[in-house]
Amino acid sequence: MTAAPQSPRDELLVHIPSLRAFAVSLSGQIDRADDLVQETLVKAWRNLGSFTEGTNMRAWLFTILRNVYISDIRRRRREVQDTDGVFAEGVAVAPAQNGHMDLADFRNALTELPEEQREALILIGAAEFSYEEAAEIAGCAVGTVKSRVNRARNALAKRLNLDVGEIGLDPELRAALGGMPARSGSG
Amino acid sequence: MTQRKGDASQLDTDVQAHIGRQLRAGYVDILNQPVPDRFLELLAELDRRQDPGDRDEDVRQNRSR
């Protein structure tokens with residue numbers, strides 16, 4: 001009956017890569033992301049007693065990180081009241097003029113989405129949670145997650161379409177759109 | 001030189017697929033990075049300093065008052 005339980009330390013360790021990926025996707029900044037992960041780990045450690053064994057630890061940790069991130073945004077908003085706010089920083093990079101639709105452009109577009117839409121899109125499209133899990137993490141209804149994801153996708157598509165319309169399809173994007181196999185090629 | 005609008009819906013599907021790939025690519029990029037030392041150190045320190053969980057800490061805080 002006693003399958004040697006992982007130490008809490010090892011258990012948390014396993015999830016650090018996905019916590020970092022989530023934090024970077026949310027905040028768009030790696031340094032800030034790692035601070036968020038750090039705070040998440042400390043909180044998780046303190047509250048491990050309230051984690052129900054056998055349930056989804058990744059979802060539990062994502063919920064903590066998400067809440068840490070929201071408080072961080074609120075704190076920054078209070079601190080930066082004079083300018084356009086938190087979202088002015090690190091966002092104001094114009095799309096590349098050469099029509100090269102690279103990851104950096106995409107990240108910028110992502111950063112400009114409303115918080116709750118970006119969060120929903122990342123949970124579903126990147127972290128690959130179910131809509132039910134995403135709803136629990138975001139603390140909202142399943143239908144709300146679905147509509148946020150749709151709005152996020154449409155907003156990004158509109159923006160990318162616009163760029164495509166202005167510059168024409170550049171060869172790299174054309175290749176990307178042309179159904180190249182995914183990088184991993186695992187099947 | 002005019003862009004045909006006729007294939008807009010096809011383009012839209014393509015763009016959606018593109019969004020999906022970009023989203024996942026950025027995420028997987030970080031996912032595949034090794035865990036930075038600062039987190040290994042953090043976990044080691046937490047492990048050394050206190051047992052995980054709520055109650056233990058409360059007890060300690062109460063005692064130290």
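The values are calculated or read from the model by the stated rules, or taken from the named source; none is laboratory data. None of these values were measured; they are calculated from a predicted model. Backbone-built Cβ (ideal geometry, glycine too); neighbour counts: all protein chains shown. For the accessible areas, the whole protein counts, side chains as well, though only heavy atoms, and no ligand, DNA or RNA atoms are used. Shrake-Rupley method; radii C 1.70, N 1.55, O 1.52, S 1.80 Å.
Would you call A:A176 surrounded by 18 or more Cβ atoms within 10 Å (Cβ to Cβ) and either modelled with pLDDT of 95 or more or in the same structural domain as A:N56 (by TED's automatic domain parsing) (or both)?
No, not satisfied.
Could you go through the stretch A:109-116 and let me know if any residue there is at pLDDT below 85, open to solvent by less than 20 Å² (accessible area, probe 1.4 Å) and not assigned by TED's automatic domain parsing to the domain that holds A:G28.
No; the residues of the stretch A:109-116 include none that is at pLDDT below 85, open to solvent by less than 20 Å² (accessible area, probe 1.4 Å) and not assigned by TED's automatic domain parsing to the domain that holds A:G28.
Filter the stretch A:120-159 for residues that are outside any helix (DSSP H, G or I) and open to solvent by 40 Å² or more (accessible area, probe 1.4 Å); which is farthest from the other protein chains (Cβ to nearest Cβ)?
Applying the filter and picking the extreme gives A:A141.
Under 6 Å between Cβ atoms, at least 6 apart or on separate chains: pull out the pairs that start in the stretch A:33-61 with a residue that is closer than 11 Å to A:E11 by Cβ and end on any residue that is aromatic (F, W, Y) and assigned to a helix (DSSP H, G or I).
Sorted first by the residue in the stretch A:33-61, then by its partner, the pairs are A:F51/A:W60.
Kindly list the number of the only condition in (1) modelled with pLDDT under 90; (2) open to solvent by less than 70 Å² (accessible area, probe 1.4 Å) that fails for B:T13.
Every listed condition holds for B:T13 apart from (2).
Mind listing just one residue for me: the one in the stretch A:120-134 that is in contact with a Ser or Thr (Cβ under 7 Å, 6 or more places away or on another chain) and of a type in the set (G, A, S) and, of those, farthest from B:G20 (Cα to Cα)?
Here the answer is A:A127.
Name every residue in the stretch A:135-152 that is polar (S, T, N, Q) and more than 16 Å from the chain's Cα centre (by Cα), in order of residue number.
A:T144, A:S147 - these are the residues of the stretch A:135-152 that are polar (S, T, N, Q) and more than 16 Å from the chain's Cα centre (by Cα).
In the stretch A:15-31, which residues are without any contact (Cβ under 8 Å) to a residue 24 or more places away in the chain and surrounded by 15 or more Cβ atoms within 10 Å (Cβ to Cβ)?
A:P17, A:R20, A:V24
Which of the residues belonging to the stretch A:32-60 are in contact with a helix residue (DSSP H, G or I) (Cβ under 9 Å, 6 or more places away or on another chain), polar (S, T, N, Q) and open to solvent by 20 Å² or more (accessible area, probe 1.4 Å)?
Once the filter is applied, which keeps residues that are in contact with a helix residue (DSSP H, G or I) (Cβ under 9 Å, 6 or more places away or on another chain), polar (S, T, N, Q) and open to solvent by 20 Å² or more (accessible area, probe 1.4 Å), the stretch A:32-60 yields A:Q38, A:N47, A:S50, A:T52, A:N56.
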